[in-house]
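Remarks on the structure that follows.
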């Protein structure tokens, strides 16, 4: 199974990606992980990427696509792979298609901005232990304090409203267009167009998982 998972920040992509990878025995591949692995392995492309990154420049789409092709040729991708956070832009999606990297399914977790804001801005953390709470979904016994120690809880910078809004703006401007790109391929009857599986991310984690795996099973022909 060769899958791309899409969705806004806070939609639960990481959790659902793990379910998919476990079900189909495929690796989860992100651009960052792929770059680090290539650099650590010391491949020609890895050395080139390291030179670019060490100079403070962004790695070009051409180099990213070459790294993708190198990565998915490895034995652990024999059953397929799941791309998380790649492609990130329309240019990367078009370059991936031009490079004849086959994608069988696009899993898109759909969630309104207001729900994402509620999920992310409500998170609170106990810094010393990493215990997490949510002011709506999993509140501490005493507001603003850790259940076990009574110490103050904090809101991470990434979970502040202004930060979440900026991430959503970036998502809508860049990554959301990928859904339309792949949807147009399917609607146009392209023989190699991936199947689009859209899932309501407002459901429970288990219901989202069931919907995704049911959609993927229709492609493979078995549960």
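Since every read-out is calculated from the coordinates, none of them should be taken as a lab result. Remember, it's a predicted structure, so these values are computed and weren't measured experimentally. Reconstructed Cβ throughout: ideal geometry from the backbone, glycine too, with neighbour counts over all protein chains shown.
Antiparallel DSSP bridges in the chain: what percent, to the nearest 5?
On the way: 6 of 22 bridges.
If we restrict to bridges inside the chain, about 25 percent are antiparallel.
A straight line joining the Cα centroids of region 150-178 and region 5-37 runs 19 Å.
For region 90-223, the Kirkwood hydrodynamic radius from C-alpha pairs, put into Stokes-Einstein at 10 °C and a viscosity of 1.306 mPa s, yields a diffusion coefficient of 89 µm² per second.
Restricting to DSSP H runs of at least four residues, report the calculated mean residue ellipticity at 222 nm for the chain, -39500 (n - 2.57) per run over all residues, nearest 500 deg cm²/dmol. Can you show the working numbers first?
Working: 9 runs with 102 residues, N = 223.
About -14000 deg cm²/dmol.
How do 195, 3 rank when sorted from fewest to most other Cβ atoms within 10 Å of their own Cβ? It would help to have the intermediate numbers written out before the result.
Numbers: 195 16, 3 26.
In order of increasing Cβ crowding within 10 Å: 195, 3.
Over the C-alpha atoms of region 55-142, the Rg to Rh ratio, Rh being the Kirkwood estimate, stands at 1.15.
What translational diffusion coefficient, to the nearest whole µm²/s, does region 1-57 have by Stokes-Einstein, given a Kirkwood radius computed over alpha-carbon pairs, a temperature of 10 °C and 1.306 mPa s viscosity?
On the way: Rh = 13.2 Å.
Calculated translational D: 120 µm²/s.
Gain on full extension, evaluated as 0.36 nm per residue between residue 191 and residue 89 minus their Cα-Cα distance, stands at 34.5 nm.
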